[in-house]
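Beneath this line is the structure, given in structure tokens, with notes to follow.
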């Protein structure tokens, strides 16, 4: 039995984590799966980022839920990693799934808290042409996807 290799937050060893650049690289090197994390913006958009705050991986400060998608995507999500990635933005889940539409591996989506409702998640996933998408939580209540 072969061990599956997942790209955690994309190919974060050589690209800024949870960015389109990281996911593109993970697909290019043919990882068996890609793990990513999602949160909701103030205007209920599903975005891809590990932390609840933008402080560590962008040039902004504050919680994701305090930003609209438009404001969040004005932040620089790549310079903390390298100046070569200063144009990287915080992607939406829809953008990531579109980028990975031809990717044949597993996409593992982690819902970050049990306190957040993810009303847009079902719609984003139903429009995805991705072959396999897995949603992981330590304790999942179906109401978080469809309140």
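The values are calculated or read from the model by the stated rules, or taken from the named source; none is laboratory data. In this text the structure is predicted, and so the values were computed from the model without any measurement. Neighbour counts run over all protein chains shown; Cβ positions are idealised from the backbone, glycine included.
Points to keep in mind about this one:
- Residue 36 touching a helix residue (DSSP H, G or I) at 6+ places or on another chain (Cβ under 7 Å), modelled with pLDDT of 95 or more, closer than 23 Å to residue 111 by Cβ and surrounded by 14 or more Cβ atoms within 10 Å (Cβ to Cβ): no
- Among the residues making up the stretch 94-104, those that are over 11 Å from residue 23 (Cβ atoms) and either part of a loop (DSSP other than H, G, I, E, B) or at pLDDT below 90 (or both) are 101, 102, 104.
- Test: residue in the stretch 74-93 that is surrounded by 19 or more Cβ atoms within 10 Å (Cβ to Cβ), touching a helix residue (DSSP H, G or I) at 6+ places or on another chain (Cβ under 7 Å) and in a helix (DSSP H, G or I): yes
- Within the stretch 1-27, the set of residues being more than 21 Å from residue 72 (Cβ to Cβ) and either free of Cβ contacts under 8 Å to residues at least 12 places away in the same chain or touching a helix residue (DSSP H, G or I) at 6+ places or on another chain (Cβ under 7 Å) (or both) comprises 1, 2, 3, 7, 11, 13, 14.
- All strands (runs of 3 or more DSSP E) inside the stretch 1-48 with 2 or more residues being closer than 22 Å to residue 71 by Cα: 33-40, 46-48
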